[in-house]
């Protein structure tokens with residue numbers, strides 16, 4: 001079970017967990033128990049460690065990645081040039097769309113358009129991408145720049161600790 005004192009954030013068990021979970025997640029009835037057994041801890045401790053590492057900012061997301069296009073859907077990267085004083089309001093409008101994910105702010109000082117809001121739109125059909133863009137443009141009164149991928153590359157990125 002858990003200790004009353006906090007575990008060092010990146011002790012050897014947490015190193016092993018991070019390295020192991022980047023290589024795949026078991027598809028089974030009890031995947032967390034399966035991982036806990038491999039690491040030599042209880043399932044409760046495993047879940048606690050994952051929660052603490054996320055809270056401490058060691059990782060930001062743990063979950064599956066789906067290929068929307070392979071599942072018959074559509075996905076695109078979109079950008080907006082948002083006036084700084086309007087950023088929070090525009091963010092709320094954009095994020096209100098269930099099709100929008102991964103909305104983040106970036107500073108592009110060398111770009112004449114000053115794209116500073118970037119987000120991903122995922123829909124069930126390609127036509128819906130255009131509909132969502134039209135809705136966002138109408139609500140924000142800003143031009144949404146649609147940047148669909150032209151070619152896909154697979155890069156398996158792992159950070160071995």
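In this structure, does residue 117 turn out to be surrounded by 11 or more Cβ atoms within 10 Å (Cβ to Cβ), under 25 Å from residue 161 (Cα atoms) and touching a residue at least 24 places away in the same chain (Cβ under 8 Å)? When the stated conditions are applied, residue 117 does not pass them. When 68, 79 are checked against the criterion of being under 17 Å from residue 122 (Cα atoms), in contact (Cβ under 8 Å) with a residue 12 or more places away in the chain and assigned to a loop (DSSP other than H, G, I, E, B), a single residue qualifies: 68. Let me spell it out: the conditions are (1) surrounded by fewer than 13 Cβ atoms within 10 Å (Cβ to Cβ); (2) at pLDDT 85 or above; (3) assigned to a loop (DSSP other than H, G, I, E, B), and residue 134 meets all of them except one. Which number is the exception? Single failed check for residue 134: (3).
When the test is whether a residue is within 19 Å of the chain's Cα centre (by Cα), exposed (fewer than 11 other Cβ atoms within 10 Å of the Cβ) and part of a helix (DSSP H, G or I), residue 92 passes it.
State which residue is surrounded by the most Cβ atoms within 10 Å (Cβ to Cβ) when the search covers only the stretch 15-52 and only residues that are part of a helix (DSSP H, G or I) and touching a residue at least 60 places away in the same chain (Cβ under 8 Å).
So in the stretch 15-52, the residues part of a helix (DSSP H, G or I) come out as 15-21, 31-39, 43-52.
When the remaining residues are screened for being touching a residue at least 60 places away in the same chain (Cβ under 8 Å), the result is 15, 18-19.
Working: 15: 12, 18: 19, 19: 13.
The residue in question is 18.
Taking residue 67, is it outside the structural domain of residue 136 (by TED's automatic domain parsing), exposed (fewer than 15 other Cβ atoms within 10 Å of the Cβ) and touching a helix residue (DSSP H, G or I) at 6+ places or on another chain (Cβ under 9 Å)? The answer is no for residue 67.
Taking the criterion of being out of contact with any strand residue (DSSP E or B) (no Cβ under 7 Å at 6 or more places or on another chain) and modelled with pLDDT under 85, would at least one residue in the stretch 75-89 satisfy it? No. Restricting the search to the stretch 95-110, which residues are exposed (fewer than 11 other Cβ atoms within 10 Å of the Cβ), closer than 20 Å to residue 147 by Cβ and without any contact (Cβ under 8 Å) to a residue 12 or more places away in the chain? Residues satisfying the conditions are 107, 109, 110.
With the structure loaded, tell me whether residue 139 is over 29 Å from residue 32 (Cα atoms), surrounded by 11 or more Cβ atoms within 10 Å (Cβ to Cβ) and modelled with pLDDT of 90 or more or whether it fails that test.
Details: over 29 Å from residue 32 (Cα atoms): yes; surrounded by 11 or more Cβ atoms within 10 Å (Cβ to Cβ): yes; modelled with pLDDT of 90 or more: yes.
Against the criterion (over 29 Å from residue 32 (Cα atoms), surrounded by 11 or more Cβ atoms within 10 Å (Cβ to Cβ) and modelled with pLDDT of 90 or more), residue 139 qualifies.
Each row is one residue, and each column tells you yes or no for (1) within 17 Å of the chain's Cα centre (by Cα); (2) at pLDDT below 85.
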site: 6; (1), (2): no, yes
site: 46; (1), (2): no, no
site: 72; (1), (2): no, yes
site: 106; (1), (2): yes, yes
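The values are calculated or read from the model by the stated rules, or taken from the named source; none is laboratory data. If you're wondering where the values come from, they're calculated on a predicted model, not measured in any experiment. Here Cβ is always computed from backbone atoms with ideal geometry, including for glycine, and neighbour counts include all displayed protein chains.
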